[in-house]
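Report on one structure; see the data block that follows.
The values are calculated or read from the model by the stated rules, or taken from the named source; none is laboratory data. Everything quoted here is computed from the prediction, not taken from an experiment. Here Cβ is always computed from backbone atoms with ideal geometry, including for glycine, and neighbour counts include all displayed protein chains. Just the protein is used for accessible areas: all its heavy atoms, side chains included, with ligands, DNA and RNA removed. Shrake-Rupley method; radii C 1.70, N 1.55, O 1.52, S 1.80 Å.
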Amino acid sequence: MNAELKTTAGPPDYLAPVFAQYPIEVVTAEGVWLHTRDGRRILDLYGGHAVAALGYGHPGWTRAIESQARSLSFQSNAVPLDVRVRAATRLIRFANLGFDSVFFVNSGAEANENALKMAFRLTGRREVVALEGSFHGRTAGAGAVTWGAAEKWYGYPSTPFDVRFTSRSDAGALATSITAATAAVIAEPVQGVGGALDLGAPFLAALARRCAEVGALLIFDEVQCGMGRTGAPFAANLYGVTPDMITTAKALGNGLPCAALLMSPRVSAAVKLDALGTTFGGGPLACAAIEAVIEAIETEDLLANVRRVAAYIRDTCIVGPVTAHQGAGFLTGLRTRIPAKAVQAALLERNILTGTSSDPAVLRLLPPYILEEAHVDLLRSALVDLG
Ligand SMILES: Cc1ncc(COP(=O)(O)O)c(C=O)c1O
């Protein structure tokens, strides 16, 4: 049980060695199951870092991409496309938060960069407040508001704007950290990398109140917790707190790289011609994927499934090395009494793939929304077996 996932040694593959590698080689996948080259069948409770919302080989998603690839594989944003309008309309309606425009980009970090840019433009201020434990991406702006990046990997000589970090739990501290100098507050309503940690409705409401008091914009980074992962369209819906902007990615395309910035009317009003830009964002394949993801979530009632099966995990999996549950929906944290990495490695030996987080005592689960109770029973048995 004390094994940890290690970087695999082997012949050179010419890939920059920046990612620790799981000791498995996945060659195909279907539903919630991964198949490895050496013949193992592994239950995927990590979903490719929260991406595989519909699982693998979803027929509607596959058909949508195949058909879009045949009819029109690419045109830039300079050319109006029906599939792009359909994806934007579906996304705005899915969110149901009163937003009125979408800017499609390619990654979570890029969505956050553009959200921050809109906040600077609207307020004319130059400081951003972010939360302890946050993760917002690896680019200059998104990395600047990521907790601990400066010490670990930031790499740029300075941040492009002023950043202040505040507590993720102490609402009393917000009055001093969020001021008339704050352009934006950026927060993950349920922190992902920070440990599947749910900030909760009272804290998020206090954040929104303080932003309104000082005229700062509130950005919810729902790159990981959005697009149905909490069992609601967005965590903003779940907690009843509507920010000025939401960024989302990961589950949005179910594996087709894409991301989106959703804007309230106040923010949309400040978007001018040429203010933002991208080559690949909003491409037809990505938009076909987005449309298919929302279609599947809605027609297969997947939000209800997430809520039901997440509750089942909470009710049945506090066993073996697990002492408590945190997070929301399928952004689940299982608190462990021994290092989570050791539990992760032991589960993988039993053909269950899970994730960890920056909290060494939290095992992070980000399963596909099609997960069933019978799959959770396999996790429970494995955890019991670990003792
Ligand atoms: C909450 C959150 N924001 C932003 C990002 C960055 O997204 P990307 O890797 O697509 O740039 C991530 C990635 O893990 C994330 O979890």
Rotationally averaged projected area of segment 178-334 (alpha carbon convex hull; nm²): 11.0
Relative contact order (%) - segment 28-129, alpha-carbon pairs under 8 angstrom, separation at least six: 13
Solvent-accessible heavy-atom area per residue, rounded to whole Å², over segment 246-364 at 1.4 Å: 35
Of the GluC sites (Glu not before Pro) in segment 19-109, those whose Cβ has at most 14 other Cβ within 10 Å and which sit in DSSP loop: Glu25
Contour excess over end-to-end distance, with Cα ends at Arg63 and Ala205 and 0.36 nm allotted per residue: 47.0 nm
Accessible area (Å², per residue) of segment 120-183, counting only protein heavy atoms and a probe of 1.4 Å: 49
Computed helical MRE - 222 nm, the chain, DSSP H runs ≥ 4 contributing -39500 (n - 2.57), nearest 500: -10500 deg cm²/dmol
Residues Glu151 and Ala78, FRET efficiency given R0 of 35 Å [Cβ-Cβ distance, rounded to 0.05]: 0.25
Histogram of C-alpha separations across segment 1-119, 5 Å bin width, %: 2, 7, 10, 14, 17, 15, 13, 11, 7, 3, 0, 0
Asp359 accessible area, 1.4 Å probe, all protein chains in place, Å² to nearest 10: 40
For segment 116-186, convex hull of alpha carbons as volume per residue, Å³: 82
Per-bin percent of Cα-Cα distances, segment 261-366 [5 Å]: 2, 10, 14, 14, 12, 11, 12, 11, 7, 4, 1, 0
FRET efficiency estimate (nearest 0.05) - Cβ-Cβ, Asp274 to Ala311, R0 41 angstrom: 0.30
Extension gain (nm, one decimal) between Glu213 and Ser169, 0.36 nm per residue minus Cα-Cα: 13.9 nm
Extension gain (nm, one decimal) between Asn351 and Thr89, 0.36 nm per residue minus Cα-Cα: 90.3 nm
Coarse-grained scattering of segment 109-246 at q = 0.21 Å⁻¹, given as base-10 log I(q)/I(0) from a Debye sum over alpha-carbon atoms: -1.34
Exposed-loop-free span, longest in the chain, where trypsin sites (Lys or Arg not before Pro) count as exposed if DSSP calls them loop and at most 10 other C-beta atoms lie within 10 Å: 38-271
The chain, accessible surface, carbon-and-sulfur percent (1.4 angstrom probe): 54
Using distinct alpha-carbon pairs, which all enter the 1/r mean, Kirkwood radius of the chain in Å: 21.4
Non-local Lys pairs in the chain, i.e. 8 or more apart or on different chains, that have alpha carbons under 22 Å apart: 5
